[in-house]
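The values are calculated or read from the model by the stated rules, or taken from the named source; none is laboratory data. These figures come from a predicted structure and were not determined experimentally. Cβ atoms come from the backbone with ideal geometry, glycine included; neighbour counts cover every protein chain shown. Calculation scope for accessible area: heavy atoms of the full protein, side chains included, ligands and nucleic acids excluded. Shrake-Rupley method; radii C 1.70, N 1.55, O 1.52, S 1.80 Å.
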Amino acid sequence: MSDDRTTRSVYLVALDTENKDPVELFKSPPGEAGEFFWLSGDLAAYLNGTSLYSFRTSVHAQDLKQTKLFSFPTGISAGGLKYEHETGHLAFTAQVWEHGNGSFETVEHWNEEFEGRGNTGQVYDELFIR
């Protein structure tokens, strides 16, 4: 029986050489290794769930070493990551709860409250008749 799983592969192509064959840097499950961006000339980063990883790129890649930079708090779904090399700042978007005062630390709590809210439907004794 064949292995019917989807994987996401990360490739690098050197555009300044004659050989334009892509080099596979690594593979991951589809839900991992998203939001790629450059940190510097040969240093790239990607978001894996709530953790941000970096790795050196090379068209001669072998035994790629990935370094975990940091993790967002649980419940934060960061996206739209943009890195400013000059200042070293990382900008991102994230959904937070307004009644949690926009705090990252309260997102997990309010997510659990929302999931455990119980019934969300309304019951009407009479139907509206047109």
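Details
- Here Ala14, Ala44 are screened, and the one residue that is surrounded by 11 or more Cβ atoms within 10 Å (Cβ to Cβ) and assigned to a loop (DSSP other than H, G, I, E, B) is Ala14.
- A search for C-beta distances below 6 Å between a residue of segment 91-113 that is over 19 Å from Leu81 (Cα atoms) and open to solvent by 60 Å² or more (accessible area, probe 1.4 Å) and any residue that is part of a helix (DSSP H, G or I) and among the hydrophobic types (A, V, I, L, M, F, W, C), counting only pairs 6+ apart in sequence or on different chains, returns Trp97/Trp110.
- Within segment 19-41, restricting attention to residues that are over 14 Å from the mean Cα position of the chain (by Cα), open to solvent by 70 Å² or more (accessible area, probe 1.4 Å) and not hydrophobic (A, V, I, L, M, F, W, C), the residue that is nearest to Phe92 (Cα to Cα) is Gly41.
- Pairs where the first residue, in segment 16-34, is closer than 23 Å to Lys82 by Cβ and the second is open to solvent by 70 Å² or more (accessible area, probe 1.4 Å) and among the aliphatic types (A, V, I, L, M), C-beta under 9 Å, 6+ apart: none
- Selected residue (criterion: modelled with the highest pLDDT) from residues of segment 62-89 that are among the aliphatic types (A, V, I, L, M) and surrounded by fewer than 16 Cβ atoms within 10 Å (Cβ to Cβ): Leu69
- Some residue of segment 94-115 being among the aromatic types (Phe, Trp, Tyr) and closer than 29 Å to Ala14 by Cβ: no
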